[in-house]
Amino acid sequence: MSSVLYDAQGPRAKRRNIVFTVVFLVALAAALWWVIDKLVEKDQLEWAKWEMFFTGTEAWSTYIWPGLENTLKAAVLAVIIALPLGAVLGIARLSDHVWVRVPAAIVVEFFRSIPVLVLMIFGLALFSEYTSVSSDDRPLYAVVTGLVLYNASVLAEIVRAGILSLPKGQSEAAMAIGLRKNQLMRLVLLPQAVTAMLPAIVSQLVVIVKDTALGGAVLTFGELLASANTMSAYYGANTIASFTIVALIFIALNFALTTFASWLEARLRRSKRSTGAVLGVEDVDDINAAEVGGPHKTDGV
Amino acid sequence: MFDFLQDYDLAGAVWTTVQLAVLSAVGSLIWGTVLAAMRVGPVPLMRGFGTAYVNIVRNIPLTVIILFASLGLNQTLGITLGGGGDFETINFRLAVLGLTLYTSAFVCEALRSGINTVPVGQAEAARAIGLSFGQVLANIVLPQAFRSSVVPLANVLIALIKNTTVAAAIGVAETALVMKEMIENEAQLLLISAIIALVFVVLTLPTGLFLGWVGKKVAVKR
């Protein structure tokens, strides 16, 4: 095993590694022992606390599945609404006209610098004050509004980065054969950019799924975390078991999404048909704030 | 028009937000650096632990972690983190713990991405001219890695500042919770929202601008 940090190891380094491994194993075992001891002390590992998840379907059909359904509903709605909005904002930020570019930039930077929870609380009050949405539906509306406002601006940055990631020759060739700006964007840049940014969009989905839990904790939206809370109360303050199951579901769901995004990215990088421009999974974090208020790149478009 | 503000401790709430952010930032920088060291180190078991930690923690919503800290750790297992019987102190500390555990996974990834930007040739060249392991690390690899970690770390910090609002879920009196109270009691929705939005823009935008500038200034040109 060799990397930029260390070379292939000799006998002394190997011996030292074994010592490290043993010490770390002991520390890990001690920590695990402490956790298990604490859980046993509070009777949290008894079968009675866990059996409802393994025998019978009540816990799943009454609490977990409906909760997961709401989580997915909010996430999917948010993506479907945020994508076109984000595309419009992203393209507007690349406009040649200052009066289009600057307002779009202000909107994007504004909503990116405000926490989603604040946007959700705002949405909830907005719907109860100015609309006739029934109070049962309001939490869903508020959660989706918050997610859309925030993620549209993040997706706008992804779209912008996706278009900028294309080689300059693409737009130069398009202009050389006499395409107008509109045709250049519609026929040449966007179709390629959409493919290039697919992995980034999928990994943004993970963020959206995680943020729906905020709606459950603060806005009484009946998503997975909120129903875990109700479930825990129903089974007699069964917090540890309920939260463990819910955390495992979130991990499985998001891990699947992340893996899918990485697979897409690898596939796109290999593909010979594209220009090879890919906006990877890791790149999303970098755009998230790398250019907050930074210089607006407008060359090429 | 601004009279109602006197009934609420908005300044105190913003101060709580800042405290949450600073304490968690320091905590997650330390724990994240340890995790990053494990993930890039030569010991397979530690590498496995670092990878597992990052992949598990990154995929759990922060809300679940913080709510679990309050309902699970505190109310079920009776962990108070030395807060005695004071409900507010305990929840504040639990929020810092949750934010730290969550954010350190991202700090670890930011540092690791910094190390990954250093071309292998740099270390190979350093070894070829006879530098020892310690010299390679201290003089060649880490200085370059830290420089390219500035921008990713800045992103993590900005996300952290925004994530402190999640502490509202366990009743820590920070900005989002006070906003919720104000909106419920006053008929000033747009004004209140504008004030709160301004608070966060002021907290995050200069941080991003400054660290982005630093990141560009120290970046290694390749």
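The values are calculated or read from the model by the stated rules, or taken from the named source; none is laboratory data. As the structure is a computational prediction, the values presented were derived from the model and not from experiment. Using ideal geometry, Cβ is built from the backbone for each residue, glycine included, and neighbour counts are taken over all protein chains shown.
Selection of the range B:110-131 for residues being of a type in the set (Val, Ile, Thr) and buried (at least 20 other Cβ atoms within 10 Å of the Cβ) yields B:Ile115, B:Val118. In the set (1) among the hydrophobic types (A, V, I, L, M, F, W, C); (2) closer than 30 Å to A:Leu268 by Cβ; (3) surrounded by 24 or more Cβ atoms within 10 Å (Cβ to Cβ), A:Leu225 fails one condition alone, (2). In the range B:195-222, the residues that are facing chain A (nearest Cβ under 8 Å) reach residues that are of a type in the set (Phe, Trp, Tyr) with C-beta atoms within less than 7 angstrom, at least six apart or across chains, in these pairs: B:Val201/A:Phe110. Checking A:Trp99, A:Trp50 one by one, the residue that is assigned to a helix (DSSP H, G or I), hydrophobic (A, V, I, L, M, F, W, C), surrounded by fewer than 21 Cβ atoms within 10 Å (Cβ to Cβ) and at pLDDT 90 or above is A:Trp99 and no other. Restricting attention to the range A:1-56, the residues being under 17 Å from A:Phe243 (Cβ atoms), of a type in the set (S, T, N, Q) and more than 10 Å from chain B (Cβ to nearest Cβ) number 0.
If I filter the range A:177-185 for residues that are closer than 22 Å to A:Glu69 by Cα, out of contact with any Asp or Glu (no Cβ under 7 Å at 6 or more places or on another chain) and of a type outside the set (S, T, N, Q), do I get at least one hit? No - not one qualifying residue is present in the range A:177-185. Identify the single condition in (1) at pLDDT 90 or above; (2) closer than 30 Å to A:Gly146 by Cβ; (3) part of a helix (DSSP H, G or I) that A:Ile18 does not satisfy, given that it satisfies every other one. Status for A:Ile18: all satisfied but (2). Residue under question is B:Val107, and the condition is that it be buried (at least 20 other Cβ atoms within 10 Å of the Cβ) and farther than 23 Å from B:Tyr53 by Cα; does it hold? So B:Val107 fails the test. When each of A:Leu126, A:Leu117 is tested for being within 12 Å of chain B (Cβ to nearest Cβ), within 21 Å of B:Leu198 (Cα to Cα) and surrounded by fewer than 23 Cβ atoms within 10 Å (Cβ to Cβ), the lone residue that passes is A:Leu126.
Within the range B:162-199, the set of residues being among the aliphatic types (A, V, I, L, M), surrounded by fewer than 22 Cβ atoms within 10 Å (Cβ to Cβ) and in a loop (DSSP other than H, G, I, E, B) comprises B:Ala173, B:Ala187. I'd like the residue in the range B:1-24 that is crowded, with 19+ Cβ neighbours inside 10 Å and among the small types (Gly, Ala, Ser) and, out of all such residues, is farthest from the other protein chains (Cβ to nearest Cβ). Ranking the qualifying residues of the range B:1-24, first place goes to B:Ser24. Within the range B:80-87, not a single residue is assigned to a helix (DSSP H, G or I), modelled with pLDDT under 90 and among the hydroxyl-bearing types (Ser, Thr, Tyr).
Consider the range A:83-131 and keep the residues that are over 19 Å from the mean Cα position of the chain (by Cα) and polar (S, T, N, Q). The one that is nearest to A:Asn182 (Cα to Cα) is A:Ser95.
All conditions in (1) part of a helix (DSSP H, G or I); (2) within 12 Å of chain A (Cβ to nearest Cβ); (3) surrounded by 17 or more Cβ atoms within 10 Å (Cβ to Cβ) hold for B:Gly134, with the sole exception of (3). Out of curiosity, is A:Glu172 loosely packed, with under 15 Cβ neighbours inside 10 Å and closer than 21 Å to A:Ala277 by Cβ? Yes. The residues on offer are A:Leu224, A:Leu248, A:Leu257, and the sole one that is closer than 27 Å to A:Leu124 by Cα and more than 8 Å from every other protein chain (Cβ to nearest Cβ) is A:Leu224.
When B:Pro152, B:Pro143 are checked against the criterion of being without any contact (Cβ under 8 Å) to a residue 60 or more places away in the chain, buried (at least 19 other Cβ atoms within 10 Å of the Cβ) and on the phi < 0 side of the Ramachandran plot, a single residue qualifies: B:Pro152. When B:Ser24 is tested against (1) modelled with pLDDT of 95 or more; (2) outside any helix (DSSP H, G or I), exactly one condition is not met: (2). Of all the residues in the range A:186-215, those that are basic (Lys, Arg) and more than 9 Å from chain B (Cβ to nearest Cβ) number 1.
For the range B:56-74, a residue qualifies if it is more than 7 Å from every other protein chain (Cβ to nearest Cβ) and not aliphatic (A, V, I, L, M), and the qualifying residues are B:Arg58, B:Ser70, B:Asn74. Against the numbered list (1) of a type outside the set (Val, Ile, Thr); (2) modelled with pLDDT under 90; (3) closer than 23 Å to A:Lys14 by Cβ, B:Met46 comes up short only at (2).
Take A:Ile121 and decide whether it is part of a helix (DSSP H, G or I) and touching a residue at least 12 places away in the same chain (Cβ under 8 Å). Answer is yes for this residue. When the range B:25-43 is limited to residues that are among the small types (Gly, Ala, Ser) and within 13 Å of another protein chain (Cβ to nearest Cβ), the one that is farthest from A:Arg15 (Cα to Cα) turns out to be B:Ala36. Every condition in (1) within 25 Å of the chain's Cα centre (by Cα); (2) at the interface with chain A (Cβ under 8 Å from one of its Cβ atoms); (3) more than 22 Å from B:Ile115 (Cβ to Cβ); (4) of a type outside the set (Lys, Arg) is met by B:Val172 except one, and the failing one is (2).
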